[in-house]
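S.K.: Sending over a structure as structure tokens; questions will come in a sec.
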Amino acid sequence: MTESDAVVEQPANRATHTVGIVEDHALIVLGFEASLAAVDDLAFVGHAPSVDELLARGRPDVVVLDLLLADGTAPEANIEKLHTAGSRVLVYTGSFDTDPYLARQAARCGVWGIVPKTVSGAELVQAVRDTADERPVVTTEWAAAIDGDPDFSDVGLSPQQREVLALYASGETTARVAELTALSPKTVESYIDRIRAKYAVQGRPAETKLHMYQRAVEDGFLQAPRRRRWSR
């Protein structure tokens, strides 16, 4: 990423979100900071080589996280700390080819997206915006991490449970799902509980609506947004 990549068109009338990065390469941090300096809706609040150091200084709304850090911490541990702190996590990594297992770990932990370090400054800023606005950043890299993970296997949902999952995960309320499926609200709630339990057995989080959206997309019950193909 170069400074020429950092010029990004600024959407009007947007609330400001704070953004931090966990990265131990100074040039990448400088490029990221330059990209955010060109916009008004995202406020860069700092960087650190570890999650603990970044959180010691505050809790950014969005944290851009490298997977392969010099302190040797595991991606799932770092992501859990950030989630507990209330930050949304966007993975920004170059480890797809060298260690795809790390990307698979991140995909299982409920991150908002996984983007490669080959993206331009404009593309990275847009991915951060999507994360701040709670829009999943669906990329070919994220899809590849999921497709290559043998742990993403059939959870044994019935056809009706699949329908309930797809509707609920797409944003419908429990009452609306009941209306669309001709089920009672109590039955829909029971199905949602069973779905969460089945995913929990596999070690795949499904506690939140975001998690359920990700599980539905991963397992083909809900169509994903058009996948981005980043320029290289």
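The values are calculated or read from the model by the stated rules, or taken from the named source; none is laboratory data. Because the structure is predicted, anything quoted here is derived from the model rather than measured. So basically every Cβ, Gly included, is an ideal-geometry build from the backbone, and we count neighbours across all protein chains shown.
S.K.: When the stretch 20-70 is examined, which residues are found to be among the hydrophobic types (A, V, I, L, M, F, W, C) and assigned to a strand (DSSP E or B)? I'd like the intermediate steps shown before the answer.
M.R.: Initially, the stretch 20-70 is screened for residues among the hydrophobic types (A, V, I, L, M, F, W, C), giving 21-22, 26-30, 32, 34, 36-39, 42-45, 48, 51, 54-56, 62-65, 67-70.
Scanning the stretch 20-70 gives ILE21, VAL22, LEU42, ALA43, PHE44, VAL45, ALA48, VAL62, VAL63, VAL64, LEU65.
S.K.: So which of VAL119, VAL164, VAL138, VAL125 is aliphatic (A, V, I, L, M), modelled with pLDDT of 70 or more and under 13 Å from the mean Cα position of the chain (by Cα)?
M.R.: Going through VAL119, VAL164, VAL138, VAL125 in turn, the sole match is VAL138.
S.K.: Return a yes/no flag: does the stretch 90-113 have any residue that is out of contact with any Phe, Trp or Tyr (no Cβ under 6 Å at 6 or more places or on another chain) and modelled with pLDDT of 90 or more.
M.R.: Checked against the condition, which is being out of contact with any Phe, Trp or Tyr (no Cβ under 6 Å at 6 or more places or on another chain) and modelled with pLDDT of 90 or more, the stretch 90-113 yields at least one hit.
S.K.: A further question on this structure: Scan the stretch 168-178 for residues that are without any contact (Cβ under 8 Å) to a residue 24 or more places away in the chain and surrounded by 14 or more Cβ atoms within 10 Å (Cβ to Cβ) and jot them down.
M.R.: GLU172, THR174, ARG176, VAL177, ALA178 - these are the residues of the stretch 168-178 that are without any contact (Cβ under 8 Å) to a residue 24 or more places away in the chain and surrounded by 14 or more Cβ atoms within 10 Å (Cβ to Cβ).
S.K.: Please work out if ASP154 is modelled with pLDDT under 85, farther than 25 Å from ALA37 by Cα and surrounded by fewer than 20 Cβ atoms within 10 Å (Cβ to Cβ). So that I can check it myself, show each step before the final result.
M.R.: Working: modelled with pLDDT under 85: yes; farther than 25 Å from ALA37 by Cα: yes; surrounded by fewer than 20 Cβ atoms within 10 Å (Cβ to Cβ): yes.
For ASP154, the condition - modelled with pLDDT under 85, farther than 25 Å from ALA37 by Cα and surrounded by fewer than 20 Cβ atoms within 10 Å (Cβ to Cβ) - is met.
S.K.: List pairs: first in the stretch 44-64 and touching a residue at least 60 places away in the same chain (Cβ under 8 Å), second assigned to a loop (DSSP other than H, G, I, E, B), Cβ under 8 Å, 6+ apart or cross-chain?
M.R.: Here the result reads ASP61/SER87; VAL62/SER87; VAL64/GLU23, each pair linking the stretch 44-64 to a residue that is assigned to a loop (DSSP other than H, G, I, E, B).
S.K.: For the stretch 21-43, name all the residues that are crowded, with 18+ Cβ neighbours inside 10 Å and farther than 17 Å from ASP130 by Cβ.
M.R.: Residues satisfying the conditions are VAL22, GLU23, ILE28, VAL29, GLY31, ALA34.
S.K.: Moving on. Consider the stretch 178-211. How many of its residues are farther than 12 Å from VAL155 by Cβ and modelled with pLDDT of 85 or more?
M.R.: The total comes to 21.
S.K.: Another question, then. State yes or no: is GLY46 in contact with a Gly (Cβ under 7 Å, 6 or more places away or on another chain), crowded, with 23+ Cβ neighbours inside 10 Å and among the small types (Gly, Ala, Ser)?
M.R.: Numbers: in contact with a Gly (Cβ under 7 Å, 6 or more places away or on another chain): yes; crowded, with 23+ Cβ neighbours inside 10 Å: no; among the small types (Gly, Ala, Ser): yes.
When the stated conditions are applied, GLY46 does not pass them.
S.K.: Collect the residues in the stretch 179-193 that are surrounded by fewer than 17 Cβ atoms within 10 Å (Cβ to Cβ) and closer than 27 Å to VAL89 by Cα, keeping them in residue-number order.
M.R.: Scanning the stretch 179-193 gives a single hit, ASP193.
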